[in-house]
Amino acid sequence: MKRERIDGSHGHACKARPEGGWEGLNTIGFMVGVALMAVFVAGGLLLLFAVFRFSFISSRRNKGSGERLYRPEVGSVVSSFQVTIGEEVGGKYVKSRGLHHGDLVYVRDGRRLPVSRVIPLTVRDAREWAKITGVKGVPVALDDGKGVFYIPVDGQPGKTPGTVIHSNAGKESVVAGSLGEFIDALKET
């Protein structure tokens, strides 16, 4: 049989309670704990979503991109993204059979930039890679690092319509005056 002490401490050393008791402090601690738990759970769920989105959904959407690479949809991409692309580009994609190789290099004016992947010029692929890379325009190729070559959306301040821009780690530079020039400057290594 347990004995309860008169002071209500149940046999434990009793510390002096602040005015108002410990109840207020316990409530604040509980609320902070619940808030931290919610942040960690939300962060974990976002991480799971990102892994699922970019590992499974993206790979499924990119399936068949090798065949689409040689069937460009220039008109559809121009109207969907509001970008400037010359009609001659479609023929360059079809004729350039080496585009599917990952060992390409962009060579122009003494610059050599590695190109690991050329993205098919279709609405489906452009939308998917725009989401993945975060560029405001049509991604046309990826470099060996985390960079992307893209055509900016018409009307962006400081960007000439139809040019190909290389973006890597927040730094951007124009690499070609048009997508046709960019494709012509790609060489196999």
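The values are calculated or read from the model by the stated rules, or taken from the named source; none is laboratory data. Here the structure is a predicted model, which is why all the values come from computation and not from measurement. Virtual Cβ from ideal backbone geometry, glycine too; neighbours counted across all protein chains shown.
Structure notes:
- Condition check for Ala141: closer than 21 Å to Ser80 by Cα, not basic (Lys, Arg) and not in a helix (DSSP H, G or I): yes
- Criterion (touching a His at 6+ places or on another chain (Cβ under 9 Å), modelled with pLDDT of 90 or more and either on the phi < 0 side of the Ramachandran plot or surrounded by fewer than 19 Cβ atoms within 10 Å (Cβ to Cβ) (or both)) met by exactly one of Val123, Val118, Val138, Val175: Val175
- Residues in segment 153-172 that are touching a strand residue (DSSP E or B) at 6+ places or on another chain (Cβ under 6 Å) and aliphatic (A, V, I, L, M) were compared, and the one that is surrounded by the most Cβ atoms within 10 Å (Cβ to Cβ) is Val164.
- Selection count, segment 126-151, where residues are more than 16 Å from Val74 (Cα to Cα) and among the hydroxyl-bearing types (Ser, Thr, Tyr): 1
- Hey, Phe149 among the hydrophobic types (A, V, I, L, M, F, W, C) and farther than 29 Å from Phe49 by Cβ or not: no
- Test: Ile85 is surrounded by 13 or more Cβ atoms within 10 Å (Cβ to Cβ) and either touching a residue at least 60 places away in the same chain (Cβ under 8 Å) or farther than 25 Å from Ala50 by Cβ (or both): yes
- Val77 vs. criteria of a type in the set (Val, Ile, Thr) and part of a helix (DSSP H, G or I): yes
- Test: Glu172 is more than 15 Å from Leu104 (Cβ to Cβ) and among the acidic types (Asp, Glu): yes
- The one condition in (1) closer than 30 Å to Ala50 by Cβ; (2) at pLDDT below 80; (3) touching a Phe, Trp or Tyr at 6+ places or on another chain (Cβ under 7 Å) that Asp103 fails to fulfil: (3)
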